[in-house]
Amino acid sequence: MLPELGQFALILALLLAAVQCTLPIWGAWRGNPALIGVARPAVAGQAVFVVLAFGILTWAFLTQDFSVAYVAQNSNLSLPWYYRFPAVWGAHEGSLLLWILILNIWTVAVAAFSRHLPEALMARVLGVLGFISCGFLLFTILTSNPFLRHLPALPDGSDLNPILQDPGLIMHPPMLYTGYVGFSVAFAFAIAALLGGELDVAWVRWARPWTNVAWAFLTLGITLGSWWAYYVLGWGGWWFWDPVENASFMPWLVGTALIHSQAVTEKRGSFRAWTLLLSIFAFSLSLLGTFLVRSGVLTSVHAFASDPRRGIFILVFLGIVVGGSLLIYALRAPKVAGGKAFRLLSRETLLLVNNLMFVCAAAMVLLGTLYPIIGDMLGVGRISVGPPYFGFVFPLLMLPVVLLIPFGPFFRWAMADWGAAWRSLRPALILALAATIAAALVFPHAPLRALMGVAATFWVGAGIVAYALRRWREAPAGRRYTPEMLGMILAHFGLAVFLAGVLITGATSVERDLGFASNQTQQVGGLDFRFTGVARVKGPNYLADQGTIEVRDGDRLVTTLHPQKRQYSGQQMQSIAAIRGGVFRDIYVALGDPLGNDAWGVRIYVKPFVRWIWAGGLFMLFGGLTAAADRRFRAKRAEADAVAPAAVPAQVSA
Amino acid sequence: MSLGRLLPFIGFALIVALLVFGLRWNRTHDMNWVPSPLINKPAPEFTLPLLYDSTKSVSRKELLGKPWLLNVFGSWCVTCQDEHPVLMTYAKKFGVQLIGLNWKDDPDAAKRWLAQFGNPYDTILVDTDGKAGIDFGVYGAPETFLVDGQGVVRYKHIGNLTPESIARELDPAIARLRTERP
């Protein structure tokens, strides 16, 4: 009975979404307050039914109702209760429902926190969000119904894919989707502004905090995914340029460009059309990612079971949403460049370079991801360009970003003083050079890439610290750091931390596949690894071979590690690596195959600084959230106040 | 409306056309055979180390006498993962030895990849810097070359091998080699 109610709730949600995307927009066009007033109740009603449907599916997993086909396919009796929650979004149908749930949460939040904004604009914003919701609900109901019955009920289900049975997976998809879907808000604001012809910069200020929060969550989602790939997939890497990773990375790159271009448009009025376009791009790439992942047009480790109807449906929806919005853009985007004039040496120019680099990088990733299809089309066959392509082009595009980023905060709007900026940054440059030389002297065999990592980290890190110190010295107490500025400092500092992780880990990691006899000791990366044997252990829904490996540095016992090889009840195998983490070094041990006579294959990695990669992501996350909390975004202000004094440090200090 | 404002829409329309093509192609087509300048020419010279014993190497000369298949793969290559089960099934049925060319890859990553998915190859050569790949005119992975006993390239397949393409093209090409032999 309950699953049918769930399906019923989805249909009601669809009807309300249809109301939400038509009547308010119509009302805003005709100036009819009654129709405009429909928007918020429709949002609330739709959310209630979506939450109900999601709750019912979760309940089916918790009570193990194997008469629901989706539940039977993705869980079984021995699955512990805490993994029944992520099992809800462990496959296509449920993750789509999660997508819709998160879209509804965003929409409710927008509806609730925007009471001070013009009603007509909000009617359009909520209408656009309703249209997106409408499309996804229709998609779920027509092609991917999670409540489909399998009667008679199965006595037991198959298993949740064991690589998904991990605490990281409880958080990874919801965070990623929160980011992905969150760009729909900036998108809705942009479309609403285009529809209403209100192309002043007010909409940008209202859209900014939402964009920052979405970007922060996407950063967290990607960081969690990378961390999960590192310690669950057991390949020891942290990024694979897999099509699905790329699908989440492209919106991130464009989103990064967007939050910077929004800042310019809001404060200076420049780049208006460009900000509109980026708002459309960021969400379009989220939709495109959804298409790539779920249509089966590309293959990936994240494969979702694909059904040709699904691919066609999403493609049509993608065509309507993105094609339609780009047409609206072509028709209504501001014809003349607005905003205050700026010189070549100015913060605007630097942010333009930032935008250019990030958009080019996104285009590069898109090209590489679609390459197999392009190959088909040109008749040269389906070929993948992998890390050899991305790993070469991407760093080249990011090099100017790393070199120029410290200048950003020191350059003034409109007209920068090169000499002043240079004097402020000279200590950072000297520090970066000194640190690199010191590193080269202490580690004479350090590879060039690791030294470049040291240089880049100190250049970016010291550059942003120099800026923070200058604000501390020159601005009066209490007005030193606005949340927006603090967010920028945190995120840029995060980039410095991230660069240290990427470049030093990439250059100095040691990876070995070794055969160990019982009680044999071998040396890897200056550490002694002693293998003392393998024992059988039993978990809640698996049996495992558990190895024991003692790690010594000289005579000192560093740690004892217990990597496992699990056999799940669904006959699926999963290797669980044992990791001794540290700020400066990870020791990573995974159990391979038995080699006979109690000997085992063991994979050992020693990865210096690898955690800095994810630590950098966390800094960026907190940066995004902090910036979104800026008071300026909350209060309703006249347009004249848009140029906040605190945002222009040089003026304050003058 | 200026043309410049329409450019994003036009770009997007091109991408959609590409994706429509991709979807249709997936359902209707199979890998198509592409003529290569190497066909019926001697395979390029090479001497490459073995994946599982880097102290040993194999050169083109040592392979003369019997036909062999060269399959270009990399652990980073997603399409290769698609092709892999097909190779696992067909490797022993080809009737000629299957040599893997581990292209632009980290040898340890390749070993892990093979440990995880299985090793269909009789011999695996390592081409980390991709130089042999350039000599063979490799576009991307996977690609497969059929070389006869005289060291002449007889057939080339770009993209993943599928049961259909093997039945339609590769198996007949191998069979032709057999009939030529006295």
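The values are calculated or read from the model by the stated rules, or taken from the named source; none is laboratory data. Because the structure is predicted, anything quoted here is derived from the model rather than measured. Glycine gets a Cβ as well: all are built from the backbone with ideal geometry, and neighbour counts include every protein chain shown.
Among the numbered conditions (1) within 25 Å of the chain's Cα centre (by Cα); (2) under 23 Å from A:Leu97 (Cβ atoms); (3) at pLDDT below 90, the only one that A:Thr299 does not meet is (2). Screening B:Gly130 on (1) crowded, with 21+ Cβ neighbours inside 10 Å; (2) within 10 Å of another protein chain (Cβ to nearest Cβ); (3) farther than 28 Å from A:Leu591 by Cα shows it passes everything except condition (1).
Sort out which residues of the range B:137-155 are within 14 Å of another protein chain (Cβ to nearest Cβ), at pLDDT 85 or above and out of contact with any His (no Cβ under 6 Å at 6 or more places or on another chain), and write them in order of number. Answer for the range B:137-155, where residues must be within 14 Å of another protein chain (Cβ to nearest Cβ), at pLDDT 85 or above and out of contact with any His (no Cβ under 6 Å at 6 or more places or on another chain): B:Pro142, B:Glu143, B:Phe145, B:Tyr155. Listed by first and then second residue, the pairs with beta-carbon distance under 7 Å, at least 6 apart or on different chains, first residue in the range B:120-143 and aromatic (Phe, Trp, Tyr), second surrounded by 22 or more Cβ atoms within 10 Å (Cβ to Cβ), are B:Tyr121/B:Gly100; B:Phe136/B:Phe145; B:Tyr139/A:Ile383; B:Tyr139/B:Ile158. For the range A:589-605, a tally of residues being under 16 Å from B:Arg112 (Cβ atoms) and within 13 Å of chain B (Cβ to nearest Cβ) returns 11.
Right, A:Leu351: under 24 Å from the mean Cα position of the chain (by Cα) and either without any contact (Cβ under 8 Å) to a residue 60 or more places away in the chain or not in a helix (DSSP H, G or I) (or both) or not? No: the conditions fail for A:Leu351. Within the option set A:Ala34, A:Ala18, being part of a helix (DSSP H, G or I) and at pLDDT 95 or above holds for one residue only, A:Ala18.
Selection of the range A:239-275 for residues being within 14 Å of chain B (Cβ to nearest Cβ) and over 21 Å from the mean Cα position of the chain (by Cα) yields A:Arg272, A:Ala273, A:Trp274. Evaluate the following for B:Pro142: is it touching a strand residue (DSSP E or B) at 6+ places or on another chain (Cβ under 8 Å) and within 23 Å of A:Gly375 (Cβ to Cβ)? Yes. Has the range A:513-522 got any residue that is free of Cβ contacts under 8 Å to residues at least 40 places away in the same chain and within 30 Å of A:Trp81 (Cα to Cα)? The answer is no, given that none of the residues of the range A:513-522 is free of Cβ contacts under 8 Å to residues at least 40 places away in the same chain and within 30 Å of A:Trp81 (Cα to Cα).
Among the residues of the range A:355-364, some residue qualifies, meaning at least one is among the polar types (S, T, N, Q), touching a Ser or Thr at 6+ places or on another chain (Cβ under 7 Å) and assigned to a helix (DSSP H, G or I). Selection of the range A:100-151 for residues being assigned to a helix (DSSP H, G or I), aromatic (Phe, Trp, Tyr) and under 26 Å from A:Ala202 (Cβ atoms) yields A:Trp106, A:Phe131.
Looking at A:Gly311, is it at pLDDT below 95, touching a Ser or Thr at 6+ places or on another chain (Cβ under 7 Å) and either at the interface with chain B (Cβ under 7 Å from one of its Cβ atoms) or not in a helix (DSSP H, G or I) (or both)? So A:Gly311 passes the test. The residues in the range B:45-67 that are of a type outside the set (D, E, K, R), more than 14 Å from every other protein chain (Cβ to nearest Cβ) and touching a strand residue (DSSP E or B) at 6+ places or on another chain (Cβ under 9 Å) can be counted, and the count is 11. The criterion of at least 1 residues that are loosely packed, with under 15 Cβ neighbours inside 10 Å and among the charged types (D, E, K, R) is met by the following strands (runs of 3 or more DSSP E) wholly inside the range A:424-540: A:527-538. Checking each residue in the range A:155-198 for being under 28 Å from A:Ala91 (Cα atoms) and in a loop (DSSP other than H, G, I, E, B) picks out A:Pro155, A:Asp156, A:Gly157, A:Ser158, A:Asp159, A:Leu160, A:Asn161, A:Gln165, A:Asp166.
A:Ala362: within 14 Å of another protein chain (Cβ to nearest Cβ), touching a residue at least 40 places away in the same chain (Cβ under 8 Å) and either surrounded by 18 or more Cβ atoms within 10 Å (Cβ to Cβ) or in contact with a Lys or Arg (Cβ under 8 Å, 6 or more places away or on another chain) (or both), yes or no? Judged against the criteria, A:Ala362 is a match.
Residue-wise test of (1) out of contact with any Leu (no Cβ under 6 Å at 6 or more places or on another chain); (2) farther than 27 Å from A:Asp376 by Cβ.
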residue	(1), (2)
B:Asn119	yes, yes
B:Asp135	yes, no
B:Val147	yes, no
B:Arg154	no, no
B:His157	yes, no
B:Glu164	yes, no
B:Arg168	yes, no
B:Asp171	yes, no
B:Arg178	yes, yes
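Would you check if A:Leu292 is at pLDDT below 90, within 12 Å of another protein chain (Cβ to nearest Cβ) and more than 17 Å from A:Ala362 (Cα to Cα)? The answer is no for A:Leu292. Looking only at residues in the range B:92-126 that are touching a Lys or Arg at 6+ places or on another chain (Cβ under 8 Å) and closer than 23 Å to A:Phe390 by Cβ, the one that is surrounded by the fewest Cβ atoms within 10 Å (Cβ to Cβ) is B:Asp108.
The set of residues from the range A:368-412 being out of contact with any Lys or Arg (no Cβ under 9 Å at 6 or more places or on another chain), closer than 24 Å to A:Trp422 by Cα and not hydrophobic (A, V, I, L, M, F, W, C) comprises A:Pro400, A:Pro406. Inside the range B:68-113, can you point out the residues that are in contact (Cβ under 8 Å) with a residue 60 or more places away in the chain, more than 9 Å from chain A (Cβ to nearest Cβ) and hydrophobic (A, V, I, L, M, F, W, C)? Hits for the range B:68-113 are B:Trp68, B:Leu69, B:Leu70, B:Val72, B:Phe73, B:Val86, B:Leu87, B:Phe94, B:Val96. On inspection, A:Gly221 qualifies as under 29 Å from A:Ala615 (Cα atoms), touching a His at 6+ places or on another chain (Cβ under 8 Å), more than 14 Å from chain B (Cβ to nearest Cβ) and modelled with pLDDT of 90 or more. Could you look through the range A:380-423, keep only residues that are outside any helix (DSSP H, G or I) and among the small types (Gly, Ala, Ser), and pick out the one that is farthest from the other protein chains (Cβ to nearest Cβ)? If we take residues in the range A:380-423 being outside any helix (DSSP H, G or I) and among the small types (Gly, Ala, Ser), then A:Ala416 is farthest from the other protein chains (Cβ to nearest Cβ). More than 21 Å from A:Val524 (Cα to Cα), among the polar types (S, T, N, Q) and at pLDDT 90 or above: is that true of A:Thr559 in this structure? Here the answer is no, as A:Thr559 does not meet what is asked.
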